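The values are calculated or read from the model by the stated rules, or taken from the named source; none is laboratory data. Note that the structure is a prediction, hence the values are computed from the model and not measured. For neighbour counting, all protein chains shown are included, and Cβ atoms are generated from backbone atoms with ideal geometry for every residue, glycine included. Protein only, heavy atoms only, side chains kept; ligands, DNA and RNA dropped before computing areas. Shrake-Rupley method; radii C 1.70, N 1.55, O 1.52, S 1.80 Å.
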Amino acid sequence: MITKSIATNKHSQLLNITRLVEEAVDESRISSGVATIFVSHTTAGITINENADPDVTRDMLNLLERMVPWSDPDYRHFEGNTAAHMKASMLGNSTQVIIENGQLQLGTWQGIYFCEFDGPRQRKVLIKILGN
Ligand code: ZN
């Protein structure tokens, strides 16, 4: 398992971590297999989406905020970050990418995003690469 540290710098943020995952693939020396990327936090997630137009991640964050507002008089969770927990579950805490010829098989317009919903914080991403 490879652990990568990430420092987020906004309250909500989609951070492109594709390069970090590529580094992990290089370190593993596995040329054919699968990379599992796992976020071990309850207020952050992981997703794969558009890497070219930054307005896509902006729009995604805005839509998530509209669907799950930060404050609501009905929330009961004592930490006050119910919305962050909800968004983390909506996007999920892991993803997988196939590796061939030592390269992640992402589409041209795909990037792997760490999804911060209660930052800024020091975070970590766990990457496990299995060969076949
Ligand atoms: Zn909480």
Quiz prompt | Among (1) in contact with a helix residue (DSSP H, G or I) (Cβ under 8 Å, 6 or more places away or on another chain); (2) closer than 14 Å to Val25 by Cα - the single one Gly111 does not satisfy | solution = (2)
Quiz item: Of all residues in the range 102-118 being open to solvent by less than 70 Å² (accessible area, probe 1.4 Å) and more than 16 Å from the ligand (Cβ to nearest atom), which is farthest from the chain's Cα centre (by Cα)?
Solution: Gly102
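Okay, residues lined up against (1) open to solvent by 20 Å² or more (accessible area, probe 1.4 Å); (2) under 18 Å from Ser12 (Cα atoms); (3) modelled with pLDDT of 95 or more:
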| residue | (1), (2), (3) |
| --- | --- |
| Thr42 | yes, yes, yes |
| Asp59 | yes, yes, yes |
| Leu64 | no, yes, yes |
| Ile98 | yes, no, yes |
| Lys124 | yes, yes, yes |
